[in-house]
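Here is the structure we will look at, set down as structure tokens.
Please treat every number below as a calculation from the coordinates, not as lab data. Remember, predicted model here, so these are calculated numbers, not experimental data. Cβ coordinates were reconstructed from backbone atoms using ideal geometry, including for glycine residues, and neighbour counts include every protein chain displayed.
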Amino acid sequence: MEELILKEMKDHLINFVEKPHPAFANLPPCPFAKKARLQNKIKFIVFDFTNGLTEELNKLIQPDPNYDIIWLINPNKAMPIEVLYKLIDDINALHPTLEAFGGHPKDPFEIAGVKTRQEPYPNLLFQSKETLEKARWKLRHTKYYDNFNTP
């Protein structure tokens, strides 16, 4: 089962997250995902985090110097989206140097009509805020953010 879940999520990563799209100035929804994947800088973990921020979950989200991204994938597709986003808020409050975000099969979030967070399984993704700021800085002279509705 775990192997199938990882395959589905990696297929989504390759066939959607890494593919150029007009909504992002013909860059992929995540312009840095492919490089991270090819360099084995993503730590994929299948783990049921439906019960929230447990001690076991907290141990899994600790930074690992071998990876730029920790991606926890919940095999429980029935996890309510509200529970997932409450968990993201809790983790971000507890870990000030990390940025937690996630996806869910029913996530309505979109940018220019593209549902960037609608993924096969509920998931949590963690990166250092420093790494994300460097990535944002690299995109500053592109049109990547033109369709984002945030200030």
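Below 24 Å, Cα to Cα, which lysines can LYS35 reach? Residues fewer than 8 away in the same chain don't count.
LYS7, LYS10, LYS19, LYS43, LYS115, LYS129, LYS134, LYS138, LYS143
Taking square-rooted eigenvalues a ≥ b ≥ c of the alpha carbon gyration tensor, is the range 34-75 rounded, prolate or oblate, where a/c under 1.5 means rounded and, failing that, a/b exceeding b/c means prolate? Intermediate values should be presented prior to the final figure.
Numbers: a/c = 3.97, a/b = 1.82, b/c = 2.18.
Note, shape of the range 34-75 comes out oblate.
Relative contact order for the range 14-85: what percent, with Cα pairs under 8 Å and sequence separation of 6 or more? All intermediate terms of the calculation are to be shown ahead of the outcome.
Values: 70 pairs, mean separation 20.6, N = 72.
This gives 29 percent for the range 14-85.
Determine the gain in length on full extension of the stretch LEU132-MET1; use 0.36 nm per residue of separation and subtract their C-alpha separation, reporting nm with one decimal.
Result: 44.0 nm gained on full extension.
Which of LYS34, LYS138, LYS115 moves most in a GNM of the chain, Cα contacts under 10 Å?
Looking only at LYS34, LYS138, LYS115, the biggest GNM fluctuation is shown by LYS138.
Set Lys and Arg Cβ to +1 and Asp and Glu Cβ to -1, take the dipole of the range 2-138 about its Cα centre, and tell me which of MET79, SER128, ILE111 lies farthest positive.
Checking the options against the dipole of the range 2-138, the answer is ILE111.
How much mean residue ellipticity at 222 nm does the chain get from its helices, if each DSSP H run of length 4 or more adds -39500 (n - 2.57) and you divide by all residues, to the nearest 500 deg cm²/dmol?
-9000 deg cm²/dmol
Check cross-link reach from LYS86 to the lysines: straight Cα distance under 18 Å, and skip same-chain residues fewer than eight apart.
LYS77, LYS106
Relative contact order of the range 2-138, please, whole-number percent, based on alpha carbon pairs below 8 angstrom and at least 6 residues apart.
23
Which helices of the chain meet both criteria: a Cα extent of 18 Å or more along the helical axis and a mean Kyte-Doolittle score no lower than 0.0, with helices taken as whole DSSP H segments?
Span-like helices here: 81-94.
Over 5 Å intervals from 0, what percent of Cα-Cα pairs in the chain sits in each interval?
2, 9, 18, 22, 23, 17, 8, 2, 0
Nearest 5 is fine: what % of DSSP beta bridges in the range 2-138 come out antiparallel, could you say?
Details: 12 of 17 bridges.
Of those bridges, close to 70 percent are antiparallel.
Ranking request for peptides 51-58, 100-107, 127-134: highest mean number of other beta-carbon atoms within 10 Å first, then the rest in descending order.
Result, highest mean Cβ count within 10 Å first: 100-107, 127-134, 51-58.
If you put +1 on each Lys and Arg Cβ and -1 on each Asp and Glu Cβ, how big is the dipole of the range 4-151 around its Cα centre, in Debye rounded to 20?
With Lys and Arg at +1 and Asp and Glu at -1, about 640 debye.
Once the piece of chain linking ILE14 and GLU55 is laid out straight, how much longer is it, given 0.36 nm per residue of separation minus the C-alpha distance between them? Numbers along the way, then the final one.
Numbers: separation 41, 0.36 × 41 = 14.76 nm, distance 3.17 nm.
Once the chain is fully extended between ILE14 and GLU55, it gains 11.6 nm.
Run the quick spin-label model on ASN26 and ASP64: label points 7 Å from Cα toward the beta carbon, then report their separation in nm to one decimal.
Computed distance between label sites ASN26 and ASP64 equals 3.7 nm.
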